Amino acid sequence: MPTTPQHTWSATRLQPHVFPEDLREIPCAMEPEAVPGATYELARGTVLGIVTATGLWNAYDDGHGDGTEVAVGILPYDISVDDAGHISLTETASQAGAEFGQAGDDVPVVVGGYFRTSELVGLDAAAVADFGRLLYGDVVDGLLKLL
């Protein structure tokens, strides 16, 4: 039986390089901004990890020890996250034809597919090892397969 999606994100998004039918996404809540009244932004293609203590997603950083040192997914949209964890498409996305300010409590995160490494933000050799494998090239210019 078909179901209706909870959120429909109309922004320009990161596209798989080949085999779009292999694209897998899951809805994910983002770690809120720690400073009251502030927001942070993440760019389309940002490599993401999961904060162990909260189960919420944030930018991957191999040097951290909070769970985000393990690459788990890729953000397909430019977003901003406020201190309550609300996610909005940023102006960058709206300039590309999206509805500026479109918001929700979660955002789709890519967990499977084939992507150009040149389009990913924060990808390093450790993230490649976490994700799957490079089919060719390197972290700067290659093709990554998320398993």
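Of note:
- Single condition residue 121 does not satisfy, out of (1) farther than 18 Å from residue 48 by Cβ; (2) at pLDDT 90 or above; (3) of a type outside the set (Ser, Thr, Tyr): (1)
- Selected residue (criterion: surrounded by the fewest Cβ atoms within 10 Å (Cβ to Cβ)) from residues of segment 27-71 that are of a type in the set (S, T, N, Q) and within 20 Å of residue 120 (Cα to Cα): 58
- Residue tally, condition modelled with pLDDT of 90 or more and in contact with a helix residue (DSSP H, G or I) (Cβ under 6 Å, 6 or more places away or on another chain), over segment 89-111: 0
- Pair list, Cβ < 8 Å and 6+ apart or interchain, from segment 12-37 residues that are in contact (Cβ under 8 Å) with a residue 60 or more places away in the chain to residues that are basic (Lys, Arg) and surrounded by 18 or more Cβ atoms within 10 Å (Cβ to Cβ): 12/44; 13/44; 14/44
- Scan of segment 104-120 for residues that are outside any loop (DSSP other than H, G, I, E, B) and either surrounded by fewer than 16 Cβ atoms within 10 Å (Cβ to Cβ) or among the basic types (Lys, Arg) (or both), ordered by number: 116, 118, 119
Rundown of residues vs (1) closer than 27 Å to residue 16 by Cβ; (2) in contact (Cβ under 8 Å) with a residue 60 or more places away in the chain; (3) more than 14 Å from the chain's Cα centre (by Cα), yes/no style:
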site	(1), (2), (3)
47	yes, yes, no
56	yes, no, no
59	yes, yes, no
68	yes, no, no
75	yes, yes, no
78	yes, yes, no
81	yes, no, no
84	no, no, yes
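- Checking each residue in segment 72-86 for being acidic (Asp, Glu), surrounded by fewer than 23 Cβ atoms within 10 Å (Cβ to Cβ) and in a loop (DSSP other than H, G, I, E, B) picks out only 83.
The values are calculated or read from the model by the stated rules, or taken from the named source; none is laboratory data. In this text, all values refer to a predicted model and were calculated from it rather than measured experimentally. Note that each Cβ is placed from the backbone with ideal geometry, even for glycine, and that neighbours are counted across all protein chains shown.
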